[in-house]
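Student: One structure, pasted below without further comment.
The values are calculated or read from the model by the stated rules, or taken from the named source; none is laboratory data. Quick caveat, the model's predicted, so the values are computed rather than measured. With ideal geometry, Cβ positions are generated from the backbone for all residues, glycine too; neighbour counts draw on all protein chains shown. The area values use the complete protein model at the heavy-atom level, side chains included, leaving out ligands, DNA and RNA. Shrake-Rupley method; radii C 1.70, N 1.55, O 1.52, S 1.80 Å.
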Amino acid sequence: MDETYIVVLTTVGTKQFAYDLAQSIVSARLAACVQIQPVQSVYRWKGDVCSEPEWLLAIKTTDGRYAELEQHIRANHSYEMPEIVRVAIAGGSPEYLGWIGECVK
């Protein structure tokens, strides 16, 4: 495998926004797959401890598409400072990883 594969994590405030953002990411070929899960987030924001339900997006893509994906998330996100975390995939099924690469070409 010559390509580096990654998972990018972001959270959003509503289920509909999660689906809309995921659809736009996959349609733009910035990712092969986006998994959406409900989560409960506890975080510090502007001096307060907050707790809110959110939707976590796990976005499967390549490192080569990361910059454009980050820009897409920032341009389309409703949060003042969205979570955007890039995690390297250390290994995996060659067929699955190859599929990710094909989808984002």
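Student: Scan the stretch 16-54 for residues that are within 18 Å of Tyr5 (Cα to Cα), assigned to a loop (DSSP other than H, G, I, E, B) and open to solvent by 60 Å² or more (accessible area, probe 1.4 Å) and report the count.
Tutor: Residues meeting the conditions: 1.
Student: Which of the residues spanning the stretch 77-105 are open to solvent by 40 Å² or more (accessible area, probe 1.4 Å) and among the β-branched types (Val, Ile, Thr)? Write out each step before concluding.
Tutor: Taking the stretch 77-105 first, the residues open to solvent by 40 Å² or more (accessible area, probe 1.4 Å) are 78-81, 83, 85-96, 99, 102, 105.
Answer for the stretch 77-105, where residues must be open to solvent by 40 Å² or more (accessible area, probe 1.4 Å) and among the β-branched types (Val, Ile, Thr): Val85, Val87, Ile89.
Student: Okay, moving on. Could you grab me the full set of residues in the stretch 55-84 that are in contact (Cβ under 8 Å) with a residue 60 or more places away in the chain and either β-branched (Val, Ile, Thr) or not in a helix (DSSP H, G or I) (or both)?
Tutor: First pass over the stretch 55-84, keeping only residues in contact (Cβ under 8 Å) with a residue 60 or more places away in the chain: 63-64, 66, 69-70, 73, 77-79, 82-84.
Listed by number, the residues that qualify are Ile73, His77, Ser78, Tyr79, Pro82, Glu83, Ile84.
Student: Taking interchain pairs and intrachain pairs at least six residues apart, which have beta carbon atoms under 7 angstrom, with the first residue in the stretch 85-101 and in contact (Cβ under 8 Å) with a residue 60 or more places away in the chain and the second of a type in the set (Lys, Arg) and open to solvent by less than 60 Å² (accessible area, probe 1.4 Å)?
Tutor: Between residues of the stretch 85-101 that are in contact (Cβ under 8 Å) with a residue 60 or more places away in the chain and residues that are of a type in the set (Lys, Arg) and open to solvent by less than 60 Å² (accessible area, probe 1.4 Å), the close pairs are Ile100/Lys60.
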